[in-house]
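Just below is one structure, and these are the notes that go with it.
Read-outs: derived from the displayed coordinates by stated rules, not from any lab. Note that this is a predicted model, so its numbers are computed, not measured. Quick reminder, even Gly has a Cβ in these numbers, built from the backbone with ideal geometry, and neighbours come from all protein chains shown.
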Amino acid sequence: MTQWDMNQVLGLKHDQNSFFCADWPAPASVYTLITTRKGGYSRSPFTSLNVGMHVGDDPQSVQCNRDLVQQHVTKPLAYLQQVHGTEVINALDAVRALEAGEPWQADASFCRLGSNVACAIMTADCLPVLLCDRAGTVVAAAHAGWRGLAHGILQNTVEAMQINPMEILAYLGPAIGPEAFEVGAEVQQAFCLHQPKAETAFVDIGNEHYLADIYALARLALADAGVHQVYGGTECTVLQRDRYFSYRRDGQTGRMLSAIWLE
């Protein structure tokens, strides 16, 4: 039975233009949902399924979008106030903070079986990374922009899961692709000074500028943490204009959601 089939059993509606699931061999207890930009209530330039409250969109439209997404997730979503840092928190704490009107500043969360919450990450070019263990007892979601990647957000997330890294699977959600991610020398140096293998993720295009492969950089970071079962990493939020929001492409724009939880 596919996850979407199970959603029907649970009484959930779905639209595969608006949502899709991670394509990976996760255990049956692990559920995922990744949104596109389609099928929501927001108007231009946030058309239309924007879940970001912080981007200048009409708050009522954003709340309608969040309510729509929540209909497809059986646990409360642990939205974070993402700051391009490396802090990882328990998603249950994030939900409590959100209910108190004070979103927790962090860039990753985890939850264990029985916690009754869903880890959630918002992105619009940065890389969302979903993780689970083979036994289906713990999941996590990380917001991995280049700063977070360079400073260890994925390594910290794996450590917070408290599971043998060899038992962890990772899925790389939609992010800016290697043909569109032009960066300066400071970004290249932030990775290569500490990880020589990172040089393979950069293509020199002259004038101290590079094309960076954020998916390759994430795989290196995960391998450094002991995680080698990595899936996804084929989309480009910049080039797939009709499907995804992209801050790099549009400036003022919405945010997609990547969520993971346990049933």
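Cut-off is 10 Å between beta-carbons; in what order do TYR41, TYR244, TYR215 appear when sorted fewest neighbours first?
Lowest count first: TYR41, TYR215, TYR244.
Round to a whole angstrom and tell me the spacing of the C-alpha centers of the range 208-244 and the range 80-109. Cα centres, the range 208-244 to the range 80-109: 23 Å.
For THR200 and LEU239 in the same chain, what is the full-extension length gain: residue separation times 0.36 nm, less their Cα-Cα distance, in nm? Please list the in-between numbers first.
Values: separation 39, 0.36 × 39 = 14.04 nm, distance 2.23 nm.
Full-extension gain reported as 11.8 nm.
When each of the peptides 141-148, 85-92, 33-40, 101-108 is scored by the mean number of other C-beta atoms lying within 10 Å of its residues, the order from highest to lowest reads 141-148, 33-40, 85-92, 101-108.
How much net charge surrounds GLY85 when only other residues with a Cβ under 12 Å from its Cβ are counted (Lys, Arg +1; Asp, Glu -1)?
Values: positive: ARG147; negative: GLU87, ASP107.
It works out to a net charge of -1.
Note on GLN252 and GLN229: the extension gain reaches 4.8 nm, defined as 0.36 nm multiplied by sequence separation minus the Cα-Cα distance. The ranking of ASP204, ASP133 by Cβ neighbour count inside 10 Å, starting from the fewest, reads ASP204, ASP133.
The ranking of CYS119, CYS192, CYS126 from fewest to most other beta carbons within 10 Å of each one's beta carbon is CYS192, CYS126, CYS119. Across the chain, C-alpha contacts under 8 Å between residues 6 or more apart give a mean separation that, scaled by the residue count, equals a relative contact order of 24 percent. Of the GluC sites (Glu not before Pro) found in the range 151-211, those in coil by DSSP whose Cβ has at most 15 other Cβ atoms within 10 Å are GLU179, GLU208. The simple spin-label model puts a point 7 Å past each Cα toward its Cβ; for ASN207 and GLU167 those points are separated by 5.1 nm. Run the quick spin-label model on ASP93 and THR47: label points 7 Å from Cα toward the beta carbon, then report their separation in nm to one decimal. That separation, rounded to one decimal, is 4.2 nm. Helical content of the chain, expressed as a calculated mean residue ellipticity at 222 nm, amounts to -7000 deg cm²/dmol (DSSP H runs of 4 or more residues, -39,500 (n - 2.57) each, divided by residue number, nearest 500). In terms of its Cα atoms, the range 118-263 spans 48, 36, 20 Å along the principal axes, sorted from long to short.
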